[in-house]
1. Where the second residue is β-branched (Val, Ile, Thr) and at pLDDT 75 or above and the first is under 7 Å from Leu171 (Cα atoms) and assigned to a strand (DSSP E or B) and lies in the range 140-152, which pairs have Cβ atoms under 6 Å and are six or more apart or on separate chains?
2. Scanning for something under 20 Å from Val169 (Cβ atoms), touching a helix residue (DSSP H, G or I) at 6+ places or on another chain (Cβ under 9 Å) and part of a strand (DSSP E or B), does the range 40-54 turn up at least one residue?
3. Could you list, in sequence order, all residues of the range 113-125 that are at pLDDT 85 or above, in contact with a Pro (Cβ under 7 Å, 6 or more places away or on another chain) and not in a loop (DSSP other than H, G, I, E, B)?
4. Say whether the condition of being within 28 Å of Leu52 (Cα to Cα) and in contact with a strand residue (DSSP E or B) (Cβ under 6 Å, 6 or more places away or on another chain) is met by at least one residue in the range 106-127.
5. What are the pairs, 6+ residues apart or on separate chains, where a residue within the range 1-27 that is loosely packed, with under 13 Cβ neighbours inside 10 Å has its Cβ under 6 Å from a residue that is outside any strand (DSSP E or B)?
6. I'd like to know if the range 45-53 contains one or more residues that are of a type outside the set (Phe, Trp, Tyr), surrounded by fewer than 17 Cβ atoms within 10 Å (Cβ to Cβ) and touching a Leu at 6+ places or on another chain (Cβ under 9 Å).
7. Among Gln153, Gln89, which is surrounded by 15 or more Cβ atoms within 10 Å (Cβ to Cβ) and closer than 25 Å to Gly31 by Cβ?
8. Exactly one condition in (1) of a type in the set (D, E, K, R); (2) surrounded by 14 or more Cβ atoms within 10 Å (Cβ to Cβ); (3) in a helix (DSSP H, G or I) is false for Asp98; which is it?
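The values are calculated or read from the model by the stated rules, or taken from the named source; none is laboratory data. Just so it is clear, the model here is predicted, and its values are computed rather than measured. So basically every Cβ, Gly included, is an ideal-geometry build from the backbone, and we count neighbours across all protein chains shown.
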Amino acid sequence: MSVVLSIENLSFGYSKEKMLFEDFSLTLKKGELKAIVGESGAGKSTLFELILHNLKPHQGKISVKRCSQVFQDPYSSFHPSYTLLNQIQDVANIEELDTYLALINLDASLLRKLPHELSGGQLQRASILRAMLMKPDVLLLDEPTSALDNVIQLEVMQSILKGLESMGVLLITHDNDLASWCADEIITIIR
């Protein structure tokens, strides 16, 4: 399996006195799901910002192939005035739309609606649909199921696991049970 994300000896902090990462290393391969767990403020979301090159590390090297991300709050991920389909077409090829709709258990008619017309679970599945249609090598998931009930959470994670053969997944979660259930490896970040 090919490496899709490599972090070598990463050091980063918002101040020199308070480093979030010192000599942190991680490798993610296609087909793997790794979970990042830790308390609030430990640097989990900052790690994603570093991977996306929105922040520059003090030291170390990050090599990442094509990425897409799913955020915790699906309502902030979509513009309120455009249909979901329009927003998905803006960033992804929809040739395989029907395949992915079946994979994540989402009705195609919902894509013709505005974001506020869907439930949180439906909208989060649409967010995952968009991310998967972008054909990433690395899918970054930042607490993607924390606002969902247990049944929908399970459905959403099962959908993601079905797509693992084509990508590597890095999951941020506070939910240790979820991490234990789905992750190949759990990485705990301590503040």
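1. Leu141/Val70; Asp142/Ile172
2. Looking for residues that are under 20 Å from Val169 (Cβ atoms), touching a helix residue (DSSP H, G or I) at 6+ places or on another chain (Cβ under 9 Å) and part of a strand (DSSP E or B), one finds none in the range 40-54, hence no.
3. First pass over the range 113-125, keeping only residues at pLDDT 85 or above: 113-119, 122-125.
Imposing the further condition that a residue be in contact with a Pro (Cβ under 7 Å, 6 or more places away or on another chain) reduces the set to 114-116, 123-124.
The answer is Pro115, His116, Leu123, Gln124.
4. Yes; the residues of the range 106-127 include at least one that is within 28 Å of Leu52 (Cα to Cα) and in contact with a strand residue (DSSP E or B) (Cβ under 6 Å, 6 or more places away or on another chain).
5. Every condition considered, the pairs that remain are Met1/Lys30; Met1/Gly31; Ser2/Lys30.
6. Yes - at least one qualifying residue is present in the range 45-53.
7. Details: Gln89 fails: closer than 25 Å to Gly31 by Cβ.
After applying the criteria, what remains is Gln153.
8. (2)
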